[in-house]
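The values are calculated or read from the model by the stated rules, or taken from the named source; none is laboratory data. Keep in mind that this is a model prediction, so the values were computed, not measured. So basically every Cβ, Gly included, is an ideal-geometry build from the backbone, and we count neighbours across all protein chains shown.
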Amino acid sequence: MFRCDMITCMTITKTPPNMKPIILLISTSLLFAGAVFADENLDALKRDVEALKKRVTGLEEDNSKLKKQIDVERLIVRKELIVSDTGQPWEKGFEAHQIPRGIYARPVGEGVGGLWVRSRLIKGEIDDPFDDRFHALERDGSLRRAPGHISWNVWIDGAWRQMAIIQGEGLEPSEIPLKEWTGGSHPGRLRFQTYRPRHHEPLTDALIGQGMMSLGGGGFGGGGLPYPKEVLQLWGGEILQATIPTPAAPTVVSDDGTGEHQYAIIAVGVQGRRTVASPATKAKGLARLRWKSVKGADAYVVVRDEKEIAGPLRVEGSHKEWTDKAVR
């Protein structure tokens, strides 16, 4: 009979007496070595498990941080960028208008690509001019004469409709042939257009460029108003010069009752020309005043007891308010 294992194979029945202790010692050693090997494997497995736990914990912490802040050298968005407290691109109830909840952007591809911004778009710069550009090319790489425009729109009949447009454009080939355009000569002008009542196309109201200007009505779809050949050309009307009217007497909203005063207002035009003072209003003390905007006025001067005490003041709104500084 034979008994074999991985290390030795020996005949048990014919073992000499003096070999039995040696065999017993070898067997004991093998059992001990196996136990030690098993313990080492178990310790190694425990170390691997602990290391895995640490890695998982680290990944969970990183994932939690990524939900709050991402710090990368380059961000590539291939489909959509949504900045929204609700997670939705459009404001609820205004999906058809495409009014964004915050910021929404998508590339050119399925539908119109672009950037939608809700609320204010604020730009700031340090030591560099404010610079917005409109770049456009035809698909064949040729020049596009009108590379961009700014428009003001209103939602009517299920779509946004333009009311007023400011457009930048290059000169007509009849004015300067394209072959004469160079890196040092790329002439352009501004076109101002509005939509008039009962007209389905914009009417050009003004053309400005090359130190010349055309003003006038007409111009369906951009035609009709001649390009200027003089410094200033007026079409389809006449010049009407109007003086700034004398302001009405201001209204006293409140006063501090410290003693009688009289207040009046002077309107000032953009050239600095002044009107005569308005009729005076009496107050029982230093006052808070209110007055209506005057057509053509750029600023106002406040007169107290026939002395100018404030201004020129530039205040927004159709109704102006001003408080005598001494009023508490």
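One table, with the values for the structure above:
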{"item": "Subset tally (residues that are among the polar types (S, T, N, Q), at pLDDT below 90 and assigned to a strand (DSSP E or B)) for the range 318-328", "result": "0"}
{"item": "Unmet requirement for THR258, which otherwise passes all of (1) buried (at least 16 other Cβ atoms within 10 Å of the Cβ); (2) over 35 Å from the mean Cα position of the chain (by Cα); (3) assigned to a loop (DSSP other than H, G, I, E, B)", "result": "(1)"}
{"item": "Filter result (closer than 18 Å to THR281 by Cα and either in contact (Cβ under 8 Å) with a residue 40 or more places away in the chain or touching a helix residue (DSSP H, G or I) at 6+ places or on another chain (Cβ under 6 Å) (or both)) within the range 312-323", "result": "GLU321"}
{"item": "Exclusive hit being in contact (Cβ under 8 Å) with a residue 60 or more places away in the chain, out of contact with any Asp or Glu (no Cβ under 7 Å at 6 or more places or on another chain) and in a strand (DSSP E or B), set TRP155, TRP160", "result": "TRP160"}
{"item": "Neighbours by Cβ (under 9 Å, 6+ apart or cross-chain): first from the range 247-260, farther than 30 Å from GLY296 by Cβ; second of a type in the set (S, T, N, Q) and surrounded by 15 or more Cβ atoms within 10 Å (Cβ to Cβ)", "result": "none"}
{"item": "Residue that is over 30 Å from ILE82 (Cα atoms) and of a type in the set (Val, Ile, Thr), where the choices are ILE156, ILE176", "result": "ILE176"}
{"item": "Options LYS229, LYS282; residue that is without any contact (Cβ under 8 Å) to a residue 60 or more places away in the chain, in the same structural domain as ARG198 (by TED's automatic domain parsing) and charged (D, E, K, R)", "result": "LYS229"}
{"item": "The one condition in (1) closer than 27 Å to GLU80 by Cβ; (2) surrounded by 10 or more Cβ atoms within 10 Å (Cβ to Cβ); (3) not assigned by TED's automatic domain parsing to the domain that holds VAL83 that PRO100 fails to fulfil", "result": "(3)"}
{"item": "Test: residue in the range 131-143 that is over 19 Å from GLY114 (Cα atoms), among the hydrophobic types (A, V, I, L, M, F, W, C) and within 24 Å of the chain's Cα centre (by Cα)", "result": "no"}
{"item": "Filter result for the condition that a residue is touching a strand residue (DSSP E or B) at 6+ places or on another chain (Cβ under 7 Å), exposed (fewer than 10 other Cβ atoms within 10 Å of the Cβ) and either part of a loop (DSSP other than H, G, I, E, B) or modelled with pLDDT of 90 or more (or both), over LYS79, LYS68, LYS92", "result": "LYS79"}
{"item": "Subset of the range 166-205 [farther than 20 Å from LEU137 by Cα, among the hydrophobic types (A, V, I, L, M, F, W, C) and modelled with pLDDT under 90]", "result": "LEU203"}
{"item": "Any pair with Cβ under 9 angstrom, 6 or more apart, that starts in the range 100-118 at a residue that is free of Cβ contacts under 8 Å to residues at least 60 places away in the same chain and of a type in the set (Phe, Trp, Tyr) and ends at one that is surrounded by fewer than 11 Cβ atoms within 10 Å (Cβ to Cβ) and not in a strand (DSSP E or B)", "result": "TYR104/GLU80"}
{"item": "Count - residues of the range 284-317 that are outside any loop (DSSP other than H, G, I, E, B) and small (Gly, Ala, Ser)", "result": "4"}
